[in-house]
């Protein structure tokens, strides 16, 4: 249920410079470039572009923010019907805030980016399908003024070739597919016998789209839910931990009882391959994944050392319909549980879901925020997973990551 906003990139040719700007110095220079991304709390954005200019010997004094223009176009990777609405497609110039050389001698163009900013995201949200998709990105770079080489010669780049999308946090998670066909991403710190954290995504990051679109990407790019546990701070708190993020073939609430064994299969495979400490397996998830976190602890009561469902669904999806998780199931949960939600969540109202679950789960903790605000920016009230990803929930002086790390099955 995440609203953001495959490495699907295409080649983009830069516009030629005026003849007067090309005639001196080296003509016909072509360079490749990399799109550098970062996952903000509201989703992934392209924050800079790196031009492969190391071989050209650029004089850094000749670099200015106005030396290049960066144009970005983002489009849906799958065909859409005329009446379908996708959020966060764009066709805009990206403001260049700074130009610099990195330690290799490549030019880095820093781009304006911020929470809620349109025109830099990597994901689009197809409204009627409730799904995020990786947008096809086409970046076009134009050099506006000649640069100088270290020996004073002018350098004009006449063509630019788009390369890969780089995000070190996301790229640290390997791509995998389970025996039953469920895709997942896995971060491992390289040590054996460590704990395992299972992150279960929201509805927006599932599959069940036309043309076989099942990307194994949006689970990490839509928010920092899984990435937070792979940060240096979290790894220090947990003493090093593997982090696994399965991706539903549709959405968890469609059929939790069917998905539970598939998730358990992934967990057991990771445990076996990486000698995970079986006493320290933790599960957390948001929205659809908050529901699935609770479902996993009702289905496998002896598997997890702790559970953190965020804005999880337990009530019926239809008025008067059966609960997704019954009161008896909630009352029977024995896994230590810490629930997180925001009072202004209109997508999954906390009273019938998080608060109701807290009232029934024996010994559970709950962090109930008034709204979702981080670094001065107010997010949609449904996005309370931001607080878990930032280790903000606390009880009795203990923060949620530390509480999780101390639990043993």
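Residue count for segment 147-162 satisfying the condition of being buried (at least 20 other Cβ atoms within 10 Å of the Cβ) and either in contact with a helix residue (DSSP H, G or I) (Cβ under 7 Å, 6 or more places away or on another chain) or outside the structural domain of residue 58 (by TED's automatic domain parsing) (or both): 3.
Here is the figure for segment 115-128: residues that are crowded, with 17+ Cβ neighbours inside 10 Å and over 21 Å from residue 165 (Cα atoms) total 1.
Among the residues of segment 309-351, what is the count of those that are on the phi > 0 side of the Ramachandran plot and either touching a strand residue (DSSP E or B) at 6+ places or on another chain (Cβ under 9 Å) or not assigned by TED's automatic domain parsing to the domain that holds residue 226 (or both)? Here the count works out to 1. The set of residues in segment 346-360 that are crowded, with 23+ Cβ neighbours inside 10 Å and within 23 Å of residue 401 (Cα to Cα) comprises 350, 353, 354, 357.
Selection within segment 260-276: residues that are touching a strand residue (DSSP E or B) at 6+ places or on another chain (Cβ under 7 Å) and more than 17 Å from residue 203 (Cβ to Cβ). The member of this set that is surrounded by the most Cβ atoms within 10 Å (Cβ to Cβ) is 267.
Residues in segment 361-378 that are surrounded by fewer than 18 Cβ atoms within 10 Å (Cβ to Cβ) and touching a helix residue (DSSP H, G or I) at 6+ places or on another chain (Cβ under 8 Å): 362, 368, 374. Here 51, 17, 101 are screened, and the one residue that is farther than 16 Å from residue 120 by Cα, modelled with pLDDT of 95 or more and crowded, with 18+ Cβ neighbours inside 10 Å is 51.
Restricting attention to segment 316-344, which residues are within 29 Å of the chain's Cα centre (by Cα) and surrounded by 14 or more Cβ atoms within 10 Å (Cβ to Cβ)?
324, 325, 335, 336, 337, 338, 339, 340, 341, 342, 343, 344
Of the residues 206, 212, the single one that is assigned by TED's automatic domain parsing to the domain that holds residue 286 and closer than 22 Å to residue 325 by Cβ is 206. Would a scan of segment 277-286 turn up a residue that is closer than 18 Å to residue 356 by Cβ, crowded, with 23+ Cβ neighbours inside 10 Å and at pLDDT 95 or above? Yes, segment 277-286 contains a residue that is closer than 18 Å to residue 356 by Cβ, crowded, with 23+ Cβ neighbours inside 10 Å and at pLDDT 95 or above.
The values are calculated or read from the model by the stated rules, or taken from the named source; none is laboratory data. Remember, predicted model here, so these are calculated numbers, not experimental data. Backbone-built Cβ (ideal geometry, glycine too); neighbour counts: all protein chains shown.
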